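**Q** Can you keep this structure in mind? I'll have questions shortly.
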Amino acid sequence: MVNGFVFRCSNFVSLILRQKMKKVFITGANKGIGFEVAKQLLQEGEYIYLGSRNLENGRQAVEKLKAKGLTNVEAIEIDVTDAVSVDNARKTVAEKTESLDILINNAGISGGMSQTALAASVDDQFKNVYETNVFGVVRVTQNFVGLLAKSDEPRIVNVSSSQGSITLHSDPSLGYQYYDFKGAVYLSSKAALNMYTVNLAYELRDTKFKVNAVSPGFTKTDFTNNMGTGNIEDAASRIVKYALIDENGPTGKFFCEETNPETGEIPW
């Protein structure tokens, strides 16, 4: 009888813990900053749907996390440039949970090093980068907003870059500390993402949603060809911070704590 009581209590505690877990979907999370974000949120006790364009890569990432004792995670196949793939990912998540608490639009591409305003190719560079960095975010957000709306504290973090700040790049007195050239493709894609963030936050202003753009900083990863001044742990923690803000947290803002260590907020 005692063993049966202990078993029922254990199940009850497990049920309560599962109910308190925030359900999080992260795109492009099988490596780099996205993977570290998943790890840190798991350490916070959340449940992660780890989005990966290649499902096998996603499963391998999940196994790495589980090897660290972080078990509340599963891989979800999603190619943000493919409308069918995004819809299928949403259906898969909807089969597993009635609501989603946090969406982190992390998937992104740089478009390579040669990105001059006069020579960058429309088809091979501009369209390709925008398909992931802008249209992909729109696709995912529009598909998953219904699940997010069922949460008591829905949060959307669009992973941006301080390179998308028109103010920082247009004011000579401010300068830009890392590059002496301007990548017309990548920079403009992040500026477009920022404007989408502003509009999204405005449309959701009378709801419980909090929507922000967050730059993780200049971080050494495959994405930057291992160039950078910051480490991946700090970069991910900046994203996690705004994914977990409470009801008094900001919305419709642009943050880069590397650029502005005092308040985090930077100009659009």
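**Q** What are the pairs, 6+ residues apart or on separate chains, where a residue within the range 202-213 that is closer than 11 Å to Ile245 by Cα has its Cβ under 6 Å from a residue that is open to solvent by 30 Å² or more (accessible area, probe 1.4 Å) and among the charged types (D, E, K, R)?
**A** Final answer for the pair search is Asn212/Lys253.
**Q** Can you pull out the residues in the range 215-249 that are surrounded by 16 or more Cβ atoms within 10 Å (Cβ to Cβ) and at pLDDT 90 or above?
**A** Ser215, Pro216, Ala235, Ala236, Arg238, Ile239, Val240, Lys241, Tyr242, Ala243, Leu244
**Q** Please indicate, with yes or no, whether at least one residue in the range 177-199 is at pLDDT below 95 and at positive phi.
**A** The answer is no, given that none of the residues of the range 177-199 is at pLDDT below 95 and at positive phi.
**Q** Condition (residue is open to solvent by 40 Å² or more (accessible area, probe 1.4 Å), among the small types (Gly, Ala, Ser) and in contact (Cβ under 8 Å) with a residue 24 or more places away in the chain) applied to the range 66-76: is it met by at least one residue?
**A** Taking every residue of the range 66-76 in turn, none turns out to be open to solvent by 40 Å² or more (accessible area, probe 1.4 Å), among the small types (Gly, Ala, Ser) and in contact (Cβ under 8 Å) with a residue 24 or more places away in the chain.
**Q** In the range 95-114, which residue that is farther than 22 Å from Pro216 by Cα and under 19 Å from the mean Cα position of the chain (by Cα) is most open to solvent (accessible area, probe 1.4 Å)?
**A** Per the criteria, the residue is Ser99.
**Q** Quick one: Lys31 ticks every box in (1) touching a Leu at 6+ places or on another chain (Cβ under 7 Å); (2) touching a residue at least 60 places away in the same chain (Cβ under 8 Å); (3) open to solvent by 70 Å² or more (accessible area, probe 1.4 Å) except a single one, so which number is it?
**A** Going through (1) touching a Leu at 6+ places or on another chain (Cβ under 7 Å); (2) touching a residue at least 60 places away in the same chain (Cβ under 8 Å); (3) open to solvent by 70 Å² or more (accessible area, probe 1.4 Å) one by one, Lys31 breaks only (1).
**Q** Further question on the same structure: Report yes if Leu17 is in a helix (DSSP H, G or I), surrounded by 11 or more Cβ atoms within 10 Å (Cβ to Cβ) and at pLDDT 95 or above, otherwise no.
**A** Against the criterion (in a helix (DSSP H, G or I), surrounded by 11 or more Cβ atoms within 10 Å (Cβ to Cβ) and at pLDDT 95 or above), Leu17 does not qualify.
**Q** Answer yes or no as to whether Asn158 is surrounded by 13 or more Cβ atoms within 10 Å (Cβ to Cβ), within 20 Å of Thr197 (Cα to Cα) and within 20 Å of the chain's Cα centre (by Cα).
**A** yes
**Q** Give the range 80-108 a look and list any residue that's assigned to a loop (DSSP other than H, G, I, E, B) and either of a type in the set (Lys, Arg) or touching a residue at least 40 places away in the same chain (Cβ under 8 Å) (or both), or say none.
**A** Val80, Thr81, Thr97, Glu98, Ser99, Leu100, Asp101, Asn106, Ala107, Gly108
The values are calculated or read from the model by the stated rules, or taken from the named source; none is laboratory data. Since we're looking at a predicted model, the values are computed, not measured. Neighbour counts are summed over all protein chains in view; Cβ atoms, including those assigned to glycine, are modelled from backbone coordinates with ideal geometry. When the accessible area is computed, the model is the full protein with side chains, heavy atoms only, and any ligands, DNA or RNA have been set aside. Shrake-Rupley method; radii C 1.70, N 1.55, O 1.52, S 1.80 Å.
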